[in-house]
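To start, the structure under review is shown below, and the notes come after it.
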Amino acid sequence: MGGPACCQAARPSAGVGKRRVALVGNPNTGKTTLVNALSGADLKVGNWPGTTVERLEAVLRLPGGELRLVDLPGTYGLSPTTPEEALAVRELLLDPPDAVVAVVDAGNLERNLHLVLELAELGLPLVVALNLMDEAAAKGYVLDAAALQEALGVPVVPLVASRGEGVAELLGALERARPARLRVRYPAPVEEAARELERLVAHPARRWLALAWLAGEEVPLEPDPEARAAIARLHAALEESGLDPFLEIENARYARAHELAARVLTGSRPRRTLTDRVDRWVLHPLLGGPLFLLGMLFVFRFTFLFSTPWVDFIGGVQEVLAGWIRALPLSPLAASFLADGLVGGVGTVVSFAPVLFFLYLALAFLETSGFLARAAFVADRLMRAAGLPGRAFIPLVLGFGCNVPAVYGTRILTGRLDRLRVGLAIPFMSCSARLVVFTLFAAVFFPERAALVVFGLYLLGLVAGLFTAWALGRVAGQSPGAGLMELPPYRLPTFAAIVRQAWARTRSFLAGAGGPILLAVVLVWLLLNLPPGDLERSLYARAAGWLAPLFAPLGVEDWRLVGALLPGFVAKEVVVGTLAVAYLGAEPAAAVGLVQGLGQIATGLWSALLATLAAVPALFGLPQPLPPSPDAPTALQAALRGALAPAAALAYMVYLLLYTPCVATVVALRSEFGRFWAAAAVVYELVLAWGLAWVVYRLALAGWGG
């Protein structure tokens, strides 16, 4: 027999001075915090190719060359049970990095060492980052990092990533990264079978592959015919001898992890922690729900108070830019396109970047601190009422950020019907793009209760989604499935880390939304200006006017408001830009001189800074040092106030909350559940949105006395 021919792969080799390092670890071990600590402000947020799973990476430019860090999705092992875990395994096997940093939670050492042992069998250069040493000490653990390093045969670096402790030592340890020499002791028949398979494999991870194939795991690398025949023969022989290869391999790894943990944890006396004491209240059956709702309300109040001054400032800058364009010697059509189409449309959407930033900032804090995981735990009872397992709350919460990754996130659920029910509920979760529109309308029509109104819309979307899941479950006779949920300890995230993460996500969101926004706004501007100079007879007005009678029972009779819902199907954030073009396109901004415009910008910046300082005590209900001065409404706000009554505005927001989500969400639904369910979801959402909007409108009229 010749040399091995199965799964040939060369050892990864980076160019001179250029290396790629993958960070691998269990969920909640602080991998992302470590990437933040290593990279500073140079973070890049995107998606893994062909997926909507978030990809976080950073580039470090060191004296010895360039180091690219890739934060792989959290995984408990290399035998994946979720698509996110499968991504990590594929990256390690199909595109091996130059080195692997195994990020270990020092306070949960034994469980984390199971993954480290699997990584050691990949044969890649390895460094162990013993993170969260402060939490381990708070639990009463005493860890001997030198003993662990001696046992594994690879560098082991104790650190506290949130405070930057040990980060420099970790970078130095990467230069000494090497394959681990520790081998797990498997039963003799399993060991002999694995060694026979190893001789047929040319991949660097030949030992791990041999064991995975023997255990019957799904592996992204297929064996060749010779190896496949050997696998079948050896697997059958082990079963005939009374051995289950999967159980024998897992038991051996867990036994080795237990042995290592016992050697490393010397003189440890675990004690009750702050997390245990706080969880008595947060996870209380009666207090947990109200505390969760209070926390989410605090998030929305924080978002509004701190983003509003900067939204107003950027809106003022837009007006100055439009005024400068009007002062240029351009034709009326060109000036209208630049000032009304680009600045007034896309610029209006970009001006809501502060809203996204502060929302992502609050969510990053909740996620990193451990509150979000407990919110899912507390919501388990609510999920059970809808006939769903507790884990279903996680993709629903993701839907508040963006519906698209949330739909793909339903893969964490077992059972297709559970996945389908949650997938059909997710479009009712108010994503950050809809928040842009809600912010505008709430500020215009309900300035004193803006946060409460938006919070109510979020709750309405959640109720509508849960009702949808419950109703479909009742029809299908589905009972809730089971699932486990990990609760990480409470952690105080560093301000710099969550700011960098929030800004990276905001920048990524705006960059991704820029294409459809520009396309939709330019198309709307063209429709509004064909034929030129006659807005009421434009193609856009005709299409919107045809649909307007359908919305008259909701109190919405202005064709421009109805028309804005059409491009909203492309992306919800386009609605604001479309309204700006539709209402302001026929009212050119006044020309502004250079010096006058700069003065307006400087005044607006100073006002934004003062308002931000005043928001700090206002967040906690304390008296503000400076009384808020009523701002003059912008042109768009004034136009909206004149076009709608408050009751109709509320109905409009309800319709926008519940009607068909963006095209990307529909595509995700079709990808996960098929064309029929995607089409059925669109029809159902349109009908439910109109019906609930009508009910809200009638109730509002009755409550406000018409």
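Since every read-out is calculated from the coordinates, none of them should be taken as a lab result. Nothing here was measured: the structure is a model prediction, and the numbers come from that model. Cβ coordinates were reconstructed from backbone atoms using ideal geometry, including for glycine residues, and neighbour counts include every protein chain displayed.
How much length is gained on full extension from LEU328 to LEU62, taking 0.36 nm per residue of separation minus their Cα-Cα distance?
Full extension from LEU328 to LEU62 adds 91.0 nm.
For GLN596 and GLU239 in the same chain, what is the full-extension length gain: residue separation times 0.36 nm, less their Cα-Cα distance, in nm?
Full-extension gain reported as 120.0 nm.
Over the range 166-321, what is the relative contact order in percent, taking alpha-carbon pairs closer than 8 angstrom and at least six residues apart?
Value for the range 166-321: 19 percent.
Note down the nm distance, to one decimal, between modelled labels 7 Å out along Cα→Cβ at GLU448 and at ALA543.
Label at GLU448, label at ALA543, 4.1 nm between them.
Sorted by mean Cβ packing within 10 Å, highest first, what order do the peptides 211-219, 387-395 take?
For the peptides 211-219, 387-395, the packing ranking is 387-395, 211-219.
Please compute the net charge surrounding PHE551, taking Lys and Arg as +1 and Asp and Glu as -1 over other residues with Cβ under 12 Å from its Cβ.
-1
How high is the FRET efficiency between LEU610 and THR266 when r is their beta carbon distance and R₀ equals 45 Å, given to the nearest 0.05?
Efficiency, rounded to the nearest 0.05: 0.20.
Using amide H atoms built 1.01 Å from N in the peptide plane, name the residues 5+ places from VAL103, or on other chains, whose amide H lies under 5 Å from its own.
Residues meeting the criterion, in which the H sits 1.01 Å from N, are VAL24, GLY25, ALA129.
Kindly rank 244-252, 424-432, 156-164, 449-457 from highest to lowest mean number of other beta carbons found within 10 Å of each residue.
424-432, 156-164, 449-457, 244-252
Just to confirm my numbers, what's the Cα centroid distance between the range 66-142 and the range 160-208 in Å?
Result: 11 Å between the Cα centres.
When Lys and Arg each count +1 and Asp and Glu each count -1, what net charge do the other residues less than 13 Å away from LEU159, Cβ to Cβ, add up to?
-3
Starting from the Cα gyration tensor of the range 368-427, take the square roots of the eigenvalues, sort them a ≥ b ≥ c, and report rounded, prolate or oblate (rounded when a/c is under 1.5, otherwise prolate if a/b is larger than b/c, else oblate).
Oblate.
Please report how far the C-alpha centroid of the range 655-695 lies from that of the range 277-310, rounded to the nearest whole angstrom.
29 Å
Testing the spin-label approximation: label points 7 Å from Cα along Cα→Cβ at VAL663 and GLU196. State their distance in nm.
Placing both labels 7 Å along Cα→Cβ, they lie 5.7 nm apart.
Could you work out how far apart the two model spin labels at GLU169 and VAL142 are, taking each label as a point 7 Å from the Cα in the direction of the beta carbon, and quote it in nm?
Between GLU169 and VAL142, the simple spin-label model gives 1.8 nm.
If you take every residue apart from ALA147 with its C-beta less than 14 Å away from the C-beta of ALA147, what net charge results, scoring Lys and Arg +1 and Asp and Glu -1?
-2
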